[in-house]
Amino acid sequence: MRLSSLRKLVLRDLVRVRGALVTSGFGIMAGTAALVFFLALGLGVRTVLLGEVFPIDQVELEPPKGSSFGQLASFALGGGSSAPRIELDDIEKLEASPYVAAVYPKLQFSFPASARGGKQLLGRDLNTGEMIADGIDPELVGDVGELPFRDPLAACDDGGCQTCTSTKECTAPQYCEAPQNEKGFCVDPVPAVVSRYIIELFDKSIAPAHGYPQIGEKLLERAEGMIFKMWIGESYLGQAKTGTPRWVHTRVVGISDRAIDIGITLPIDTVRRWNVEFSGAKAGEAYSSVMVQVAEKDKVGQVVELADELGLKPKDTRARDVSVLLSGVMGLLALVAGIILLVSASNIAYTFRVLVNDRRREIALYRALGATGGDMMKWLLALALTVGMAGGAVGVLVAWLLSLGADRMGATKLPDFPFKPDTFFDFPPWLMLGALAFAALFSLLGALGPARRAGKVDPAAALASLQ
Amino acid sequence: MVDPGSGEASVVRATEIVKRYGDGKATKVAVDQVSLDVDDGDFLAIVGPSGCGKSTLLGILGCLDRSFEGSLSLFGRDVRAMNDAQLAGLRGSRIGFVFQAFHLLGHVDARDNVLAPVLFVRERPDEKKLRARADALLEEVGLGGRGDDMPSTFSGGERQRLAVARALLLEPELLLCDEPTGNLDLATGRSVTELFLRLHEERGLTIVAVTHEEQLAEAASRTIRLSAGRVVDGKES
């Protein structure tokens, strides 16, 4: 049958039996809308969780942890952290991998430290018994805030810094950085970045317990420039074997998702310098973890495999866990939508079975006029396809409209929370095309049986029985 | 017209056609060893009482029923050697059908009913030319100017004329009619019979008509009488 004839037959049927076809198409519409809505929601949440909260284009690798007791004891006795380290060799091997775009080593404090500050923001100073901090490559932080993220002592290499023996000799906000056995320099406070996680922890746990006001991310941006002091080389856990315990000044320069979750992140050169001072030369030659930027998002697995060969493992498996959980939930919701589509397919099967029964005479006439059995099948299937595509298109539109409503409700009814997105949905083109394809497929599946029956109508018997 | 080179003069050559229904003890023989030839330009009437197998035989002759025994050739071609697509093409281009119940399409107008065979023509047709032909055929069968009317507005006789116009659209060589006046009153049936006669005489159309009505049988040039599926008499009119 020519395409023009097929089109003519289908268009005539769309008018003739529009009631029954609309009813059949409604099921397809509902199933498609559910499928698209749930998958778009899952993809949108996935984009936020795995794009911002747990970025999947990077993975932090660390060596397997040693004995916790041994590490604590070593730390307390001032021997620095005895945790396993990542050598330069391992970093070079990672950098050489085609799946790796960049490697940024991280260095944790290998000495005890505590901190005090925050009065500007909290009304009174916050004291920490132990300060957790690490150092990262400034390139990993990128442009954060307006203040530079680099070791302040580097500015003194060309002799541009005032010498000092105490902070009183320096002009605020500079302080006197005076390592053991070295002359001191008046330098800017060490820049630090913090993570969004720390806000969540502070607001949900610390602030209520201690009567501090909640910060929230917007208020934390006001903390940029806030200076607090760190006592390095000594804390409640003990004192470092070497080096001069002293106050250093640190200034929050911004928020970064590359910052350590709980603690502060400083320029790696500063941390290396302090590690060497308080824990010896070796503490500056190896790293506590490395942040690996993956060349392509779907190559994280290969990078993890390479890391495994080097004896390293991902530090945070939350991204993988979240990804698995999300996939499971999305799969379940897609199954529900699939069931709706299946039910609508059986509805289409019933409608078309009735249609074929009612049209036996017409089918037989067409056979007498020159139609083949295959032509009759094509006619029915084309009709089903048209109903399916129309239902699918409406379903995609309905899903999109529902998502607008859901986003609006989310914006107005849900309280602010970290990473709260503007939209919870993601509608990539493949999702909509795929949904249309599924709608068409289920319609065709439903109509297949009746279409085959139409092709097998005995024209002689049908025409004779109706004489 | 018989295919040149086929060596056949017959438009239809049926040899010992047998049609059975059911199996085992419940087998019913609807057509029993029927042989007939229809030459180019013939007007053959197949007559017999109701249930004698006339319509069944016509269905076989028109390639609507392929489950039969015996041999059948149409236009010099063995029907059994043809597949579904070839038979459909044969029906669409060379055979026209007229049925007792008219079998018109109630959802389209008269012109589109006449044009229905075009839906299944394999080559791209000249739509304009065919529309003009449809209007001309409506004129010829006495329905001129009613191309936009729906079949439901036609009388029984008019509906049958419309069916005849449809059967003639693609200029078939063989017209198969199954009780074409069966649902019509005497006067209307007569006018339809006259229409067939006119078509036969003016166009030289080969017609095979199944009927139990004497006036149509008398109009034919040859008659074959069936009884219980067997030919009992065949004569020239």
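The values are calculated or read from the model by the stated rules, or taken from the named source; none is laboratory data. Note that the structure is predicted; figures quoted are calculated from it, not measured. We place every Cβ from the backbone using ideal geometry, glycine too, and count neighbours over all the protein chains shown. Calculation scope for accessible area: heavy atoms of the full protein, side chains included, ligands and nucleic acids excluded. Shrake-Rupley method; radii C 1.70, N 1.55, O 1.52, S 1.80 Å.
Here are some conditions: (1) modelled with pLDDT of 90 or more; (2) within 17 Å of residue B:173 (Cα to Cα). Residue B:46 meets all but one. Which one does it not meet?
The number of the failed condition is (2).
State all residues of the stretch B:96-117 that are under 20 Å from residue B:203 (Cβ atoms) and touching a Pro at 6+ places or on another chain (Cβ under 7 Å); if no residue qualifies, say none.
Matches in the stretch B:96-117: B:96, B:98.
Of the conditions (1) under 18 Å from residue A:372 (Cα atoms); (2) open to solvent by less than 10 Å² (accessible area, probe 1.4 Å); (3) more than 10 Å from every other protein chain (Cβ to nearest Cβ), residue B:52 clears all except one; give me its number.
Here residue B:52 clears every test but (1).
Quick one: which strands (runs of 3 or more DSSP E) lie wholly within the stretch A:138-201 and hold at least 3 residues that are open to solvent by 60 Å² or more (accessible area, probe 1.4 Å)?
none
Search the stretch B:96-138 for residues being open to solvent by 60 Å² or more (accessible area, probe 1.4 Å) and not in a helix (DSSP H, G or I), and hand back the single one that is farthest from residue B:62 (Cα to Cα).
So the residue we want is B:126.
So, of the residues in the stretch A:415-432 that are open to solvent by less than 80 Å² (accessible area, probe 1.4 Å) and within 30 Å of residue A:199 (Cβ to Cβ), which turns out to be modelled with the lowest pLDDT?
Restricting to residues being open to solvent by less than 80 Å² (accessible area, probe 1.4 Å) and within 30 Å of residue A:199 (Cβ to Cβ), the top hit is A:418.
Can you name the residue in the stretch A:6-46 that is open to solvent by 60 Å² or more (accessible area, probe 1.4 Å) and of a type in the set (A, V, I, L, M) and is also farthest from residue B:109 (Cα to Cα) among such residues?
Filtering the stretch A:6-46 for residues that are open to solvent by 60 Å² or more (accessible area, probe 1.4 Å) and of a type in the set (A, V, I, L, M), the one farthest from residue B:109 (Cα to Cα) comes out as A:22.
Quick one: would you say residue A:438 is in the same structural domain as residue A:392 (by TED's automatic domain parsing) and in a loop (DSSP other than H, G, I, E, B)?
No: the conditions fail for residue A:438.
Filter the stretch B:64-103 down to residues that are aliphatic (A, V, I, L, M) and over 18 Å from the mean Cα position of the chain (by Cα) and give me whichever is nearest to the other protein chains (Cβ to nearest Cβ).
Among residues in the stretch B:64-103 that are aliphatic (A, V, I, L, M) and over 18 Å from the mean Cα position of the chain (by Cα), the one nearest to the other protein chains (Cβ to nearest Cβ) is B:85.
Of the conditions (1) free of Cβ contacts under 8 Å to residues at least 12 places away in the same chain; (2) surrounded by 17 or more Cβ atoms within 10 Å (Cβ to Cβ), residue A:274 satisfies every one except a single condition; which number is it?
All conditions are met except number (1).
Kindly indicate which of A:133, A:113 is more than 25 Å from the chain's Cα centre (by Cα) and at pLDDT 75 or above.
When all the criteria are applied, what remains is A:113.
In the stretch A:372-404, which residues are open to solvent by less than 10 Å² (accessible area, probe 1.4 Å), within 14 Å of another protein chain (Cβ to nearest Cβ) and small (Gly, Ala, Ser)?
Within the stretch A:372-404, A:373 is the sole residue that qualifies.
Limited to the stretch B:139-195, what total is found for residues that are closer than 17 Å to residue B:206 by Cα and open to solvent by 50 Å² or more (accessible area, probe 1.4 Å)?
2
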